[in-house]
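Asks: Input: one structure, supplied below.
Read-outs: derived from the displayed coordinates by stated rules, not from any lab. Quantities reported herein were computed from a predicted structural model and do not represent experimental measurements. Methodologically, a virtual Cβ is constructed for each residue, glycine included, from the backbone with ideal geometry; neighbour enumeration extends over all protein chains shown.
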Amino acid sequence: MAKKSEKNTERRAMVEQMRTEQARKERMRSLAILGVCVLIVAGLIGSAAFIAIKDSRDKAEKKKLNLASIGASATAAGCNPIESKPNTSKAQHIDDAPITYADAPPAFGNHRSVPATFSRFFYEAGDRPEVATLVHNLEHGYTIAWYDETLAKDSGQLDELKTIAEKYNLNKERFIAAPWLPTDGAAFPDGKHLALTRWSADASNPGDVAKQAGNWQYCSSVSGTVAEDFFKKWPNEQSPEVGLY
């Protein structure tokens, strides 16, 4: 009986040792898994932080960007002199009928009752609001750079135009770049692929339609210098509807 008892004791000791060893291995495995998870989470947090810091730095650099360094020089951009003409419309809100414009692109006129979102600064053909919606943005002091299909096929110039629009957006200034499509109306003048437009008004009486004007400048190529000069000619207070939206 003593020998049998001793064997049982040894067997229990061996089983207990095996259990202890198994528990130790399970703890080690759990710690290893936890360590890997911690490393993955730390890596994700680090990557997100790096991206956020880089994005913040990129935006800060774009805010300070010298527009004269973008695109062609003023003389090489092939721009016509600025054209201006009095506003000949009553600038009514029309939502239930088509709106056509005599100018390509328009710089004033009837428009939809709701403008395009003020958080967007660049559009392509697939997501651009209708022209009548963007004319409402013009009424609120936006400068719009319309680009035709020829310029749209030039990825380098398109990137330059987007950079210009983004700089204005980051500085909370009103500038939109959008395509002018063949279905929108007449083509730009021969050899011109970009049109800057602005709806201006008398700062002392912005609502006086008789003192409002449409302004255009047609160019062959993108020029940060030209865009900046055009933009600066009419401060926001020289808009038909200042400070709205």
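Asks: Considering the zone a paramagnetic label at T88 would reach in this model (a point 7 Å from Cα along the Cα-to-Cβ line), which residues of segment 180-211 have amide N under 15 Å from it?
Replies: 210, by backbone N distance to the label point.
Asks: To continue, here is another question. Could you tell me the largest-minus-smallest coordinate of the C-alpha atoms of the chain on each of the three principal axes, in descending order and whole angstroms?
Replies: 120, 43, 36
Asks: Quick one: of the DSSP bridges fully inside the chain, what percent are antiparallel, nearest 5?
Replies: Around 70 percent of the beta bridges assigned by DSSP in the chain are antiparallel ones.
Asks: Straight-line reach from K25: which aspartates and glutamates have a Cα under 12 Å away, not including same-chain ones fewer than 8 places off?
Replies: none
Asks: Structure shown: which of K172/K232; K167/K232; K172/K211; K162/K233 lie over 18 Å apart, alpha-carbon to alpha-carbon? Mind showing how you got there, number by number?
Replies: On the way: K172/K232 14 Å; K167/K232 14 Å; K172/K211 26 Å; K162/K233 21 Å.
Those over the limit are K172/K211; K162/K233.
Asks: Oh, and also: By the 4.7 Å beta carbon criterion, which cysteine residues of the chain come out unpaired?
Replies: C37
Asks: Determine which aspartates and glutamates satisfy two conditions relative to K85: a Cα distance under 20 Å, and not lying fewer than 8 residues away in the same chain.
Replies: Reachable aspartates and glutamates: D103, E139, D202, D208, D229, E237, E241.
Asks: Rank-order 154-163, 95-104 by packing density, defined as the average count of other C-beta atoms within 10 Å over each peptide's residues, highest first. Write out the running numbers ahead of the final one.
Replies: Numbers: 154-163: 16.5, 95-104: 11.9.
Packing order, densest peptide first, comes out as 154-163, 95-104.
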